[in-house]
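No value in this document is a laboratory result; all are computed from the given coordinates. Predicted, not measured: the structure shown is a model, and the values here were computed from it. As a convention, Cβ positions derive from the backbone with ideal geometry for all residues, glycine included, and neighbour counts pool all protein chains shown.
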Amino acid sequence: MFKNILVPIHIAYSKNHKKLFEGALEVLDDDGKMTLLFVNQNKIHSSMALYEDSQSIYDHEALDKLKEIANIHSLPLDKVSFKIKDGVIHDEILNESKKLNADAIVMMATKPGLGSYFISSTAERVIRHAKCSVFVIRLDKNRKTN
């Protein structure tokens, strides 16, 4: 069991959340803490990066959405904290895991496709470079994602 886990989450992939949180709670110690992390890529991948006010609003909405997701899935709010970061997803996951001194990362992964043979997926990069345990949760084969 782990006392300090990081759970990167993509807000839009709501069908993944239930299984992700089940996995996270399974490895979380009774007195452990979990941090939900959403990485906003807009500043690096979008013309929206030019509009600081838009980013601030987006980050505030993302934080509200993380809290809503935690409530929907009945996460123990006394054990959960929330982080919003801007940047490249795998870099921010790794950076945040170091800052938090996380002893585990629990994250979703997509099925590997042809593209991942040429460009590594987020989960692969995190697994390769993390200094802590990484648990990768996959959806059932028959279940569709957003």
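This ranking places LYS131, LYS67 by how few other beta-carbon atoms lie within 10 Å of each, fewest first, which gives LYS131, LYS67. In a fully extended conformation the segment linking GLN41 and GLU22 would gain 4.2 nm over its present Cα-Cα distance, using 0.36 nm per residue.
Fewest-first ordering of MET108, MET34 by other beta carbons within 10 Å of each residue's beta carbon gives MET108, MET34. Segment ALA62..SER74, full-extension length gain: 2.5 nm, with 0.36 nm per residue of separation and the alpha-carbon distance subtracted.
Name all residues of segment 62-80 having a backbone nitrogen under 15 Å from the label point set 7 Å from the Cα of ALA12 along its Cα→Cβ direction, giving them as ranges. Of the residues in segment 62-80, 62 have backbone N under 15 Å from the label point off ALA12.
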